1. Put a dot 7 Å past each Cα toward the Cβ at Ala293 and Ala221; how far apart are the dots in nm?
2. In the chain, once you exclude exposed GluC sites (Glu not before Pro) (DSSP loop, at most 13 other Cβ within 10 angstrom), what's the longest stretch remaining?
3. Which residue fluctuates most in the GNM of the chain (Cα springs below 10 Å): His146, His160, His81?
4. Given a 1.4 Å probe and every protein chain left where it sits, what share in percent of the accessible area of segment 210-310 is carbon and sulfur?
5. Is any residue of segment 262-288 close enough, with backbone N under 13 Å, to a label point placed 7 angstrom from the Cα of Asp199 along the Cα-Cβ axis, and if so, which?
6. Under a 1.4 Å probe, what is the accessible area of the chain per residue, stated in Å²?
7. Hey, rough spin-label estimate for Arg307 and Arg327, points 7 angstrom out along Cα→Cβ, what's it come to in nanometres?
8. If a cysteine in the chain has no other Cys Cβ under 4.7 Å from its own Cβ, put it on the list, ordered by number.
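The values are calculated or read from the model by the stated rules, or taken from the named source; none is laboratory data. Everything quoted here is computed from the prediction, not taken from an experiment. As a convention, Cβ positions derive from the backbone with ideal geometry for all residues, glycine included, and neighbour counts pool all protein chains shown. All accessible areas refer to the heavy atoms of the entire protein, side chains included, with ligands and DNA or RNA removed. Shrake-Rupley method; radii C 1.70, N 1.55, O 1.52, S 1.80 Å.
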Amino acid sequence: MTEPRPTLPSVRGRGAAFNVPVRFERLSYDPHDTAEEGFELREHAPRTQFFRDHARTIIAKNTSPDIPYRASINPYRGCEHGCVYCYARPTHEFLGLSAGLDFESKIMVKLEAAPLLRKELAARRWTPQVIAMSGVTDIYQPAERHYRLTRACLEVLLDHRNPVSLITKNALITRDLDVLAELARRNLVRVALSITTLDEALRRSMEPRTSTAQARLDAVARLTEAGVPVSVMVGPVIPGLNDEELPRIVREAARAGAVSAGYNVVHFPGVTADLFMDWLTREQPQRRARVEALIREVRGGELDDPRFGQRMTGTGPYAEQLRALFRAAVRQAGMRGHAAPLDTSRFRVPTAMPSLFDLPD
């Protein structure tokens, strides 16, 4: 009988506790072996490192029927927020890095994001359409305070009057209220604040470097006051962990001024399931069995169901209960289920570089 591996200690300020093997590499380091010998693990206190990403393009395209946009911008690869459940973690493996600690401590920065965006919007092949920001990693993660790439891209989009949709877990978005308000005045922007839990202890453990839920609700209020349409995304809903909070999150968001809401059920592409289950064992051992059982119930007996049409909401009786709970919460809060469409008819290619507030209507 194989002896169970020791549970690695949590890492302060990080969601993952170790680096999972990279699927494209033949060799990998197993931190459990080191832990058994009692050695100190250097990777258990990683400092965030930033690397220049020499991207040649900035607008990514997708054809997924589960995603309501076809174009997106991601100025950063990797995310310091450290959300342990993050579906984007496996993307770091294409860089030869781990989806574990590497994903949240080795961040790729696209310093030329704004010039690249301006060039691509000016190209004849560009068809005006809504561009999503934060399609993969969060555009307002801590690095944005320094690099300001998101703000620079928003200014380019305003210059071109190209509509944009943003989603974030960080109240830093209120820094850009001036640009967002100008976009909103032309019906060119919608914003979603993602709120997973109102339990501060759970938030600190599960998504350690995000803004507090109250800070996000305050951001909803400030954006609303500035005339920016805001929705709340309750996501991810994790059965047995935060699902009971869904009505309260919707209610509090509506009180803050959110006009619409959405939700998605947690899903675990690639090694994300391993990281999440390790986190459950470390941080929520008393809930582990129930959470795993309910996730498998909405995923057809597995921890993930990657099929289009299923991966965002799950299937089965429990998934139906969540859907009914969400619809009732939205109805009681007096909110819409979906955001209003944005205007693509105002698009133009500026002949000069106007200042932020000199654009004609």
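1. The modelled label-to-label distance comes out at 4.1 nm.
2. Details: sites that count: Glu25, Glu40, Glu302.
Counting only loop sites that pass the neighbour cut-off, the longest clear stretch is 41-301.
3. Result for the chain, Cα springs under 10 Å: His146 fluctuates most.
4. Numbers: 1930 of 4010 Å².
Reported share for carbon and sulfur atoms: 48 percent.
5. 280, 283-288
6. Numbers: 17020 Å² over 361 residues.
Dividing the accessible area of the chain by its residue count gives 47 Å².
7. 2.1 nm
8. Those would be Cys79, Cys153, since no other cysteine Cβ in the chain comes under 4.7 Å of theirs.
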